[in-house]
Every structure is written in C-alpha cells, then in structure tokens.
C-alpha cells in the first residue's frame, strides 16, 4: 500500500501540468487547434479508439495489413497522398502533403506496430478493446472501472485514460498529428511546410528492414529534418523534444576456476575462486562513484557544446522524485545529476552468475563466474572500439582473453582466463546539433506551447536506432515524445492520459507550423 | 575422451602403492594379519558383500534396523559384547571388548548408514547388490563388466573393486577392523588395548541425535582416544591419519540498487548498480592472492605447533596432479601449497546472483546482487565471531547492515545497505595435538605399515563434527581413513578398491595393537 501511495505522489508530481498557451490572439494557430480539439473531442477519441481496436502485434501479418490500410485511409481523408509500401517484412505507410512555396520539408517517423500482448495479464481490459477509465488504474486493482465513451459534445477529463496496446507506443503520435492537421484544414489555415510521413510496421520486431527501405527510397525520403515521434515526455510532463540518444552494445565476461565445482573445505583457499576473480575484475573497471576506469573509455565521446550545455541547464532535475520512486538514496556520484550522467557512456552490469545462492547454496568453489554487461555509448563512441578497450583492460589485469570455452591446454597454460562474448550487433549514439537553424526553429516552436516550459534534451539516456536514418539520409533527426511517462509502455495495461493526447495535438500543431520568426 | 584419460593418469598416480611391511619377523602381528587375510580373502569379501546387501539409507528404518542387527551379530562372533542402543532416531550399535591388564581403552567410531541412492544413475549395478568388477569403471561405460565372486581360495586382484552403496562410506572400516580382530583371534595373539565401538546409524542424515547420545552415555563411552573412521586416504594412497578438521559456517550477503530493475539506458551511470557494489565489497574482503583482508580474520586461529609443522613437512604434495585433474594453473598464491592453505580459515564465495546473464541478459540495472559465502574455520575460530568480523568489515565499507529485506524508509535513509543472513548452524574446527602420548603412539603404529610411508595430517580441509565428541567426552579424537580416493563417495557407483580394503585391515591391525614401544 505504501508503495503505491508513493508512486501516486510521484506520478502526480510528474504529470500535473496545465496547458497555458503563449498565444498571440484569437487567430493564433495554437488557439485554433485547441478550440478545434475542444469541439471535437468525441470524434478524435472515437477515431483513435477505432485505430486502437486493430490488433497490431508485429508478427500478426493480417492485423498489421489492416492497420496499414486504416492509417492510409486516415491520411487520405486529410488530403495526404498516402500509399502502402512493401518491404521484406511489414509494410511502411508513406504519405506526402505538398504545399505551394513551402520553405522546407518536415518528415515524421512513427511506428504503428505494437509489443506482443498477453491479454490475461491486463486488468479487465482486452489490449485491442480500448477502455476509457476515469483515472489511472490503482495498483493491483481493477479501479476505476471503465466508463462508456461520453456522448457527442460531452467533455473528457484530462486525467482520464484510454487503456489499449499502442495507446501510447506508438499510435498516439499518429492520431495527434492528424488531429492537428484537421484543425488547420477546418480553419482554412495554410501550412508552411511540406510534410512527409513514414510509418513503420515492425519497430517492435527490431526494424529489420528499415535500413534497406531507407536506402532504397532515399530520393522519396528527402527532407530537411526528420522528427522521430516515440516515447514518453520528460518527468516534468511538459512538451518534450530530444536531439540525441545513447548507443548500445553488450558483452559477457566469464572467468574460470576449477573445471568442475570442488569441495570448499578440501580446496578452499587454494583452488582459484572465480567469483572472487570476477569481483576484482569488475571492481577494477568502475570505481565506487560510478566512474569507469577502463583506459580511454571517455576519450572518444564528443562533449556537449556550450549551446547544448545551456539547454541542459534549463531542464529541471527530478532526481529526488526518481530516487523516492525507486527507493534509493545513494546514486552513483560521479555526475551531479541524472541529466548529466546520461550524457556519458556507461558500463552497466546487467547480471552476475556463479554457483548457487539462497536455498541452493552449496559449499563449493564454483567452476566459473559470469557477468553480463551493456555499454551505453555517447556520441563519438564506436561500439567495437569500446568493447576492444574493455578487452584490453581485461588483458591488462593479466587475463588471457578467449572467445570460447577454454580447453584443458589453455587452462593449464594460463593462470587467468576470461572468455568474452561480444554482442553481434550494437549501435552508435547519435546527437543532432541543437544549434542548427532547423533545430532552433523546432525548439522555438515547442517553447510556444506552455510559457516556454518544455523539456529540450540534448540526448536521452536510452537507445534508438536514430543513426540508421542519419546514415541513410544524412538529415538532422529530432525526437518528439508526447505520451504520459507512466503509460506502461511494453507492458500490460498500456495507456494514454487524455491530457497528454491533447497536449500532443498542440505539440504537433506547433511543429507542423514551425517557421522562421 | 581426453579428460577421462587424464583422470585415469591422475588416479593411477594417486592410488598406486605397494604394501611392504616394516615387519619384525614371522610373528609380527602385521605379518600375521596379512597371512590371515591372504588365506581368507573369499570369506572376508563374502561377509562384506552380505553387509553391503542390506539397504542402509538413513531414512529406511527397516533397513537400518537390519543393518544394526547384522553388525551386532558380526561383532558378537568376534567376542565383542555388542548391543543395539536406541536414540530418538536410528540406533547406535555399541560394542565393548575388555582385555585383562589393558593399558588403555581405544574407541572406534564408524557410521553404518549411507547416502540416499538413485539406482537409475548407477552403471548397471544396483546399489544394494554388490558387484565385483575387475578394475575401475571406465568413464561413461559399463566396463569392465562384473565377474562372479571367485571361488574359495582364489585370489582377488588388488585393483578389482566392489561397487555398492557404503562400500567405502562407511561400512569398509567395520569390515576391516573386524577382519583384523579375526586374524588376532585365530593366531591367538592377545590384544593390548580395551576396545569400544560406536557405530552410528544416521550420520548421512546430519547426526541429529549424536550429541544427546554422547552426553547421556558419557560413562559408557569413557576411553583414552576415539578413532573417527571415515573418508578416503590421502592423495598418495598411503595409510592416512588426520588429527583435525576445519569448522564451517556460512552467510549470504545481498546489496541493493533500485527497488526494481530499471532501464540501463535511462538510468545507467546514475542509479546505483548493486552488482558493481557487490564486486567492490567482495574485492575488499580478499586480495587476488587469496588472502582475506577482513580485520582479525587470522587472529584467533591457533597456529600449528612445530611438531605439527614437522609432520606436515613430511606429507608429500600432490598440487601438480590436482591442478592437472581440475584444469587450472593459477591457484590462490598466498600459501605455498594446498597442504598449507587448508591449515588456515578460508572465505569461499560459493555463488553469485544478480539480474540475468546469457540468453536471458536484459539491459537493466538490477535491483540487488547476492553472494553466498562459506567460511572454513581453523582451530580457535569461533563461528559467530568470524561472521561478526565480516559484518564489521561490511560496515567499515560504509554499509548499513540489516538482517531482513530493507523497507522504503531504510532504503531512503542509507545510501549503502547490505542484508546479511547468517547460517543458523556452524561448527568449530577441532585439532587434536599430535604430540600427546596417545597421538604419538597412533602415529608410530601407522608408520609401521609401509616403510614409514603414511599420510599424517594435522588437519583436513573439510569439516566433520569432531568437536561434538570432544565437547561431550573431552577425549583426543584422531581420524583414520582407508578408502581409495576415487571411491565415488556420496555419488552413484560408490566403490572400494580391494587393495585399499586389504590395506585398511592392516591399518586397523596396527592401530588395534598400538602400544608403548
């Protein structure tokens, strides 16, 4: 009980916000969009619920196809020239809206497929039968119960939520950007930018065919900036834009003792204990403040520019609330705050395994000890080079490094042996300069929404394959997130908070209309 | 294939020996015993096979009772006044053989119960249908096949083996000591010592009722020395006597990160990584040479006396062969050899667990990391005091130590938290002085067997509850082992090498007749 209360406090802190627009008058496009939304809440929610009702797990070919067709129709209704384009996997829905004398072309990436679902794990909601609940589900309870969708004209409360797979991840941006277009269409407000839309159908299955698609259709995809629309807003709940992500790679290190478990009485103190060896090896890699001690680990990263640092300084810290939520007070202390820490590469131990613990404990010297590690990469870090630096460090500790289970001859020839398994894949970080004209323009657009209150982040801590777009198209990529932070992304009971959907519509309205001052 | 070959070499190195007695003449008791055995091999093996045929898993009350009755009968046939004595669990078979003008009383402890069996895991042998095989079972093969027990008068080869549960652990000493008595009886050689026998029926079930039995029957159990007869001979294969064992206790340490797994991208570098914390904590406890860095860890142990050191120096090292067998070259280097290392207390990490590794690897910061640890104790170490020293060390590293899962308030109040679960039990080491008259007498007796070649060990590395006997009876306790080292104790295909059974008979003959020079 205590825990859920804490979480509620935390969530309240993060997601309370009031939309107060920095608007210039009755004809300000943002005012127009808000008034339009207020008058059409019922229609927007109904159309969104219809979209959410089409099963969209990546592996469901029929469902995916139905989604693509439905979205193509939604786009066509807004005057977008839309088509379904095949790949070796699920289709891409591509759309284009040309505007006379447009100064630039904006492209929007969204994915319409969703994570796998296990309906039995959802709280009295089927993932593909959207439920409107007058509030957030209480932890472990089926409350508040769903209400019928209000009659036309009735208001939706901002704290109400729609529960369904992809309500946030990642169908919400599709609905939000199309609703913004509707508002401009109805008000007869002309667009300032050419628009392109690339809606992927297999992001949750690893975007296996995305690189080939981008490279095959370079010309079609030409644009001045790509907005990657995915993920939740920053902890503040404010409109959120990010200019980069960390990259990622991973590895597994195993060190060895005897070739089988041996009796810790007969051999303890003498047979090499691999768990102790692993402890020393890992301790040599990171100090107790979280700083990585691998030689050169911080050398290749591209530091934030003064412009980016300035932007970062404006983002409020939620360190206290996050620590309260996750129940720890002793964070890694090498960086002043979470926002600083995620600008650097990280060496994370994901898991340890050796022998047995708990009721399975056996009084043995175990034969081996393994650590699973991921490395989050900053702009400038090459995945292979970072792994190589770690291997060099392991060798510097006196280890003979192999990539397979060592045989007897190897065991007898080398006192210290480490097997390193490298991830096959891994991808680079990517950071778009915040000081490009198009970046500054996007930032200004976002800051118009809430008296300048917006979360403008040089980089997220997590990883997205933004580098794919950059490699293929050589364009600036900027991220936009609209979902509430507690949307249960990738889990049962995924949801979108109505207030965040409304804020998302205004976010896209601002970005669609971005222009020189 | 290579591995089994290596093992065969190793086993050959360890167990080849030839009995060449340091005998004084045709009437030397040891010669008498050997001649007797040679003439009665068939009878000895037949009686032993009958004993091994009675199921003796501790939990099998009927089988245990049958064993006790059979053993009582075996003893009575040798003129031993034997009786079955009840405990709250399985009965003890107690026997006494009084000798006129005996200078002292020797008591022999053996256990007649055996480890649980899974007949399906045995190689074409039922654990309670003894099989005579002309050699050691080849790894993974049902070879050599059993041969019929030879006709009366036929010789048994020393390298043949009897496969059955308890063939070594621990019925072999019963057969060996009774056969030695037979030899003296037949030759009309008078005994020099009063003999007592205490044969326990639930050692493999934890000796739950032994302490109470010893304390209730102190008077009955009065003696000058207790020989604890169990376990395999030293690596050399020579007659083996040990004067001590290490004690043992254990603990589990868990350190904490966030209260749930968190995304290693969003929080890596900032959320505390418990696997890293555990690595630092464990590395602070032991250096890379195996030396424990816990304050006072080596302070309370009673060092070996010069006498014991002298004895230890005479024991040949098998470090090279053991390393070859277990496939490592880099042993813990703080002690010159295994024999030295096991004289000291040890801090063994038995297991590590945190998050996931292998195909289950997840890119998270795990919520906790756990190490299972056992502490092998040297004479003088108190189990509780040693655990307390480790807890003090953990506190010295800045940890708040708790004995339960920490709640939210604790988590927020302390940056570093370690949960320590202490073993409920644990027992002290025990070392009998090798310089007592009775010890020197026993050593001299053993050294008569093979030109002085014998393994006389101040202490084993493993743990046995010898302190129970000492606490209750305040008598010197000396261990005697006769089984071949590769007897598969506690496993399927338990066996005794015939040559080791013969050597065991001579070992007991020598000890039974021990006296002043």
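The values are calculated or read from the model by the stated rules, or taken from the named source; none is laboratory data. Every value quoted in this text rests on a predicted model; they were computed, and no experiment measured them. No Cβ is skipped: glycine too gets one built from the backbone with ideal geometry, and neighbour counts run over all protein chains shown.
What to note about this one:
- Those residues of the stretch A:333-361 which are out of contact with any helix residue (DSSP H, G or I) (no Cβ under 7 Å at 6 or more places or on another chain), within 7 Å of chain B (Cβ to nearest Cβ), in a loop (DSSP other than H, G, I, E, B) and in contact (Cβ under 8 Å) with a residue 12 or more places away in the chain, in sequence order: A:342, A:344
- Filter pass, residue A:208 being surrounded by fewer than 20 Cβ atoms within 10 Å (Cβ to Cβ), assigned to a loop (DSSP other than H, G, I, E, B) and under 18 Å from the mean Cα position of the chain (by Cα): yes
- For the stretch B:299-320, the set of residues classified as more than 12 Å from chain A (Cβ to nearest Cβ) and not in a loop (DSSP other than H, G, I, E, B) consists of B:306, B:307, B:308, B:309, B:310, B:311, B:312, B:313, B:314, listed by residue number.
- Condition check for residue A:466: crowded, with 23+ Cβ neighbours inside 10 Å, within 14 Å of chain B (Cβ to nearest Cβ), closer than 26 Å to residue A:252 by Cα and touching a strand residue (DSSP E or B) at 6+ places or on another chain (Cβ under 8 Å): yes
- The number of residues in the stretch B:362-371 that are outside any strand (DSSP E or B) and at the interface with chain A (Cβ under 7 Å from one of its Cβ atoms) comes to 3.
- Residue-level check: of (1) surrounded by 14 or more Cβ atoms within 10 Å (Cβ to Cβ); (2) in contact (Cβ under 8 Å) with a residue 40 or more places away in the chain, residue A:131 misses just (2).
- Annotation: of all residues in the stretch A:375-402 being touching a helix residue (DSSP H, G or I) at 6+ places or on another chain (Cβ under 9 Å) and assigned to a helix (DSSP H, G or I), the one that is nearest to residue B:273 (Cα to Cα) is A:390.
- Subset of the stretch A:51-71 (residues that are under 26 Å from residue A:183 (Cβ atoms) and more than 25 Å from the chain's Cα centre (by Cα)): A:69, A:70
- With respect to the conditions (1) within 9 Å of chain A (Cβ to nearest Cβ); (2) touching a residue at least 12 places away in the same chain (Cβ under 8 Å), residue B:295 falls short on a single one, namely (1).
- The residue of the stretch A:255-274 that is nearest to the other protein chains (Cβ to nearest Cβ), among those that are in contact with a helix residue (DSSP H, G or I) (Cβ under 8 Å, 6 or more places away or on another chain) and surrounded by fewer than 24 Cβ atoms within 10 Å (Cβ to Cβ), is A:259.
- Filter result for the condition that a residue is at the interface with chain A (Cβ under 10 Å from one of its Cβ atoms) and under 26 Å from residue A:288 (Cα atoms), over B:403, B:374, B:396: B:374
- Count of residues meeting criterion [under 25 Å from the mean Cα position of the chain (by Cα) and more than 24 Å from residue A:56 (Cβ to Cβ)] in the stretch A:124-178: 5
- Failed criterion for residue A:111 (all others in (1) farther than 25 Å from residue A:44 by Cα; (2) at pLDDT 95 or above hold): (1)
- Being assigned to a loop (DSSP other than H, G, I, E, B) and at positive phi is a description that applies to residue B:296.
- Only one of B:419, B:362 that is in contact with a strand residue (DSSP E or B) (Cβ under 7 Å, 6 or more places away or on another chain) and within 30 Å of residue A:463 (Cβ to Cβ): B:362
Residue-by-condition table, conditions (1) touching a helix residue (DSSP H, G or I) at 6+ places or on another chain (Cβ under 8 Å); (2) closer than 16 Å to residue A:46 by Cβ:
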residue	(1), (2)
A:117	no, no
A:123	no, no
A:127	yes, no
A:131	no, yes
A:134	no, no
A:142	no, no
A:146	no, yes
A:150	yes, yes
A:155	yes, yes
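- Candidates B:77, B:124, B:69, B:86: the one that is more than 30 Å from residue B:436 (Cβ to Cβ), surrounded by fewer than 16 Cβ atoms within 10 Å (Cβ to Cβ) and modelled with pLDDT under 95 is B:124.
- Out of B:445, B:425, B:455, B:392, sole residue that is at pLDDT 95 or above, touching a strand residue (DSSP E or B) at 6+ places or on another chain (Cβ under 8 Å) and closer than 30 Å to residue B:302 by Cα: B:455
- Any hit, the stretch B:240-250, residues being surrounded by 21 or more Cβ atoms within 10 Å (Cβ to Cβ), more than 8 Å from chain A (Cβ to nearest Cβ), under 22 Å from the mean Cα position of the chain (by Cα) and farther than 30 Å from residue B:502 by Cα: yes
- Odd one out for residue A:216, checked against (1) more than 29 Å from residue B:267 (Cα to Cα); (2) facing chain B (nearest Cβ under 9 Å): (2)
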